[in-house]
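Data first, discussion second: the structure below is written as structure tokens.
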């Protein structure tokens, strides 16, 4: 078996014709759906980028124990397990976060990898004296503050080196993937992960794609909105959305070239192809730009998954209504190659749902560490907030104490203590480090924090755009019951229940004794640790 897993960052369902989108023309995503199974209820798990990838690798939620961070030493990794079992694994990616303090340990689990430089604020082009005046004249200061050597200045510098379409990181990712396929398409037993940062912001596409979505705007460049409430004019909103559409259109065309390659070389009969994303992005819906700071509305949490498996070619063009999540891909990849799933994995293989539209899970739970927790059964979704999102009381559990772009501070590390193992750490104790309000974790790392606070419930069938929260105690009770089971399944520490005030919400009640383990030898220690 051979597998090509295409992961496009921040690819919205609403931008794809296969999911009913009309704002962007996506003929190639759509023709892939015509020969695959399209999943209609696929959801995120841990958010955003690196927590999502830890879910993908390890096959379990991690946001209940840890914020953005590296792959932990005790984590399972599907790439490592495939490699250990004789499957050659290769990663092609321009995702710069893999090469920061808070993203290490993922790419090195593959047999080989190719890092494509230049995306976003990747410190790629070295320019001691950048053309500040030219950059200022070209870019709107609301999206590009060029007063210092910051991330957005670095991106503007990188763009100086992108003059032709082939210079862009996305096209270079596909070129690298085709190079791998040219070398290895005759071989068997390999796994290629083609991971493109596009259409993640900044929404910078080659001119011909931008021309196809010309909004009529004539001002300076607006293509990298801050994760803030919308204050732009209608003309400016249209321009930002057009820049996103152009980038999606580019992704669609290059994905189409991959489909053409599979056609030309008759690879469909013995190659599994998967297309998905890590999360979506709010493009002014609900009055917001971005993700994570606000409730995880469907635009962010309800994501595409389209899956072709040669053994189920007869289901080409079908839809699957089963509820699935990001973490379910890891055990699926292992099952494709007949590799046993480790005991620590809580994700569930979607292979049975490829054969027939059958249930994979009853509910999906998702969130950002210290942010609201989302729970959905596919019909309703609840965003549960703590009574005070600024209070202390949470703990980060890790053996790799790094935030997104820097290690934990000395002040944070002074709170570190060795605590007993969790049921997924393979008997290894870990560090418990106080999650302080000042810590540089997402979304606090940009000094923003969470906004639009307040627990709310939506009926996705009656109100798919989530405009009118409802009150329904019976529905809420069912969702909280699902939440309790998922938290227990993930050996969630006791302080989480107290911090989110979940004891009063979960109908059956949860005590420290119930939370701290099923009578295992570490139960008392966990209870003491949690306070």
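Any read-out appearing in this document is the output of simple, stated calculations on the displayed coordinates, not a laboratory observation. These numbers were taken from a predicted model, which means no experiment stands behind them. Every residue, glycine as well, gets a Cβ built from its backbone with ideal geometry; the counts of neighbours run over all protein chains shown.
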Less than 20 Å from a label point 7 Å out along the Cα-to-Cβ axis of residue 134: which backbone N atoms in region 151-173 qualify, by residue?
151-169
In nm, the gap between the two label points placed 7 Å beyond Cα toward Cβ at residue 501 and residue 436 is 2.7 nm
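Arrange 468, 301 by Cβ neighbour counts within 10 Å, fewest through most, would you?
By the 10 Å Cβ count, ascending: 468, 301.
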Could you order the peptides 174-183, 77-86, 309-318 from most to least packed, using the average number of other C-beta atoms within 10 Å per residue?
77-86, 174-183, 309-318
Separation between Cα centres of region 83-105 and region 139-167, rounded to whole Å:
26 Å
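Estimate the FRET efficiency between residue 232 and residue 74 by the formula 1/(1 + (r/R0)^6), using the beta-carbon distance for r and 60 Å for R0, to the nearest 0.05.
The formula returns an efficiency of 0.85 here.
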Using Cβ contacts closer than 10 Å as the measure, can you line up 224, 68 from fewest to most?
224, 68
Once label points are set 7 Å from the Cα along Cα→Cβ at both residue 488 and residue 111, what is their separation, rounded to one decimal in nm?
4.3 nm
What is the extension gain from residue 428 to residue 164, computed as 0.36 nm multiplied by their sequence separation minus the C-alpha to C-alpha distance, in nm to one decimal?
90.0 nm
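Would you mind ranking 250, 351 by Cβ crowding within 10 Å, fewest neighbours first?
Ordered from fewest to most neighbouring Cβ atoms within 10 Å, 250, 351 come out as 351, 250.
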Please find the FRET efficiency linking residue 264 to residue 359, where r is the Cβ-Cβ separation and R0 is fixed at 35 Å, and quote it to the nearest 0.05.
0.40
Full extension from residue 141 to residue 31: what is 0.36 nm times the residue separation minus their Cα-Cα distance, to one decimal in nm?
35.6 nm
Which shape class applies to region 14-139: rounded if a/c is under 1.5, otherwise prolate when a/b exceeds b/c and oblate if not, where a ≥ b ≥ c are the square roots of the Cα gyration tensor eigenvalues?
oblate
Cα-projected label distance for residue 415 with residue 481, points at 7 Å along beta-carbon direction, nm
3.6 nm
The alpha-carbon pair-distance distribution computed for region 104-152, with 5 angstrom bins and whole-percent values, is 4, 15, 21, 20, 12, 7, 9, 9, 2
Remind me, what semi-axes does region 76-163 give for its equivalent ellipsoid, largest first in whole Å, using sqrt of 5 times each Cα gyration tensor eigenvalue?
36, 12, 9
If the viscosity is 1.567 mPa s and the temperature 4 °C, what Stokes-Einstein diffusion coefficient in µm²/s follows for the chain when Rh is the Kirkwood radius over Cα pairs?
55 µm²/s
